[in-house]
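This report concerns only the one structure given below.
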Amino acid sequence: MARAPLLQLSGLSLTFGGNPVFDGVDLVVQPGERIALVGRNGSGKSTLMKVMAGLVEADAGVRTVPPGVSVGYMEQEPDLSAFATLGDFAAAGLPEGEGYRVAVAAEGLKFDPATPVGAASGGERRRAALARLLAEAPDLMLLDEPTNHLDIEAIRWLEDQLRDTRAAFVVISHDRAFLRTLTKATLWIDRGEVRRSDRGFDGFEDWRETVWAEEDLARHKLDRKIKAEAKWAVEGISARRKRNQGRVRALQAMRAERAALIRRQGTADMALESGQVSGRLVIEAKGISKAFGDKVILRPFDLTVLRGDRVAFVGPNGVGKTTLLKMLTGEVAPDAGTIRHGTNLQIAVFDQARATLDLSMTLWDGLVNDPDMAVSGRADQVMVRGTPRHVVAYLKDFLFDEAQARAPIGSLSGGERARLLLARIMAKPSNVLVLDEPTNDLDVETLDLLQDVLGEYDGTVLLVSHDRDFIDRVATTTVAMEGDGRATVYAGGWSDYQAQRGGDAPERAAPKPVAKPVAAPEEKVKKAPQGLTFTERHRLDALPAVIEKLEAEIGKLTDFLSDPELFRKAPDKFRRASEGLAERQAALAAAEEEWLTLEERASA
């Protein structure tokens, strides 16, 4: 028997500032579905997700969520002002005794729930929002860029959670590997239309190219038909005084149809120009080390970087990847060892914090006031790889329109800020590119283009990224920082690193934040026996109550379904009760198995 959908959008339309975001959207999300939501930056993905969450009201159409269905949304910029700690925020709304869920999520996502809200970084706030969603365990999860600010270990943990969940989810992400692993269907927003494919992201690019090829063929046929009909109309004037008015009206209709076709957004016109050729040796590090107080960042380490190398630095957040980059480029001095630079180095830096962008400036001023791009005596031009360009024309190369040129940088989305930063560093000749998390917020098409540009770049690339697919596509060498100051050099990209490491590269040596319980002040925390973590100990203590509750619910549902007339009199109630019984029986079996496993470990 078919199950009712969790969410349905019918005839949905939305306009911002007079421009349609999407029009006539019909969308259904069924129980258990795993959907990728993809589209260009600015196409309306996040807006559509907020409509699905009920946070944005559409201009027209209907959003339907059946009674009893819960929908959870991971906020990009959550408001934590009413909470003292990240844990308080993440646990808000959970039933009493369920706080352990936050501790589990915090351990996997690697943040400390006891962190005061005022001291939390943007990345920690986003992880707390993700932990809150996972702890709530709604029937439908809406995840907007959940992998941003997560290291590869945390991304894998999240993959495991989503792979094992019974909930449905819709996810926006730039991480190809993440989407390929998890999704079974794809929603594609393209020029205001939402298309659906019942294949996961793995088949998206082939599907997209097929759709575009069909569009191009249809446009070509329409152009040829218009040309033929227009020729007939002109020749008909001299051949006869009275023309076939129906045919003329058909020509006018075809021209109107052609004018109404929305052109696909192009790709950014990215290009890199190598400056003067560097020496063959770019960087030579011998025995370098670094520590901040008692925290060892790097033990004695050697690395030689030659011209044309693409070196990726991977490892958990906080392990010291950015610090190592800064040591190699001379921004930070090592405590010991030596670093030698080759000749004629011209270094361009893309920083993950976007710290070089003044958010109060307009895009126009941000470019023309850059000392490396300024054109003497001209306030409307920028120097782009040695040639003056009008500032608006150059911004259009990176998909910004004229109206945005006078908008503040702070009003841009994450993907737009990344494009602006790429526009700045690509205007300058360089022979060494330092890219610290360049893939965050960029759409798939821009990532493809960036990969191609780096492939044709004559210089050297130093890259920090948690995007496994991007590392595989770009890197020729991988430096794995595995915690406790250890760093190892491997040939190739991420997959090569895993293979050389002997399979699944663990990246588990970095110290984890302490996952403190979310509990009332008077609650006493039991000391965990050897062999169990605090989270496991708490879960073991909570499981008997969980099992008892499930058994009681199973008993009630069994009694309810024992009525022989129920199916005939109330088939919908019979269906819902049957599904609920099956779910609780499966949950009971899983809880009992989990209790046995933890009890055995606790007794060992």
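Quick notes on this structure:
- Where trypsin sites (Lys or Arg not before Pro) fall in DSSP loop in the stretch 93-186, at most 11 other Cβ within 10 Å: 166
- Derived scalar couplings ³J(HN,Hα) [the stretch 438-445; Karplus, 6.51 cos²θ - 1.76 cosθ + 1.60; whole Hz; x for Gly, Pro]: x, 7, 4, 6, 7, 6, 4, 5
- Residues whose amide H falls under 5 Å from that of residue 148, counting only those 5 or more places apart or on a different chain, are absent, with hydrogens built in the peptide plane.
- Over 21 Å (Cα to Cα) - which of 110/295; 45/321; 326/396; 396/428 fall in this group: 45/321; 326/396
Taken together, the values in this text are just the output of simple stated rules run on the coordinates, not laboratory data. Bear in mind that the values here come from a model prediction, so they are computed numbers and not experimental data. Using ideal geometry, Cβ is built from the backbone for each residue, glycine included, and neighbour counts are taken over all protein chains shown.
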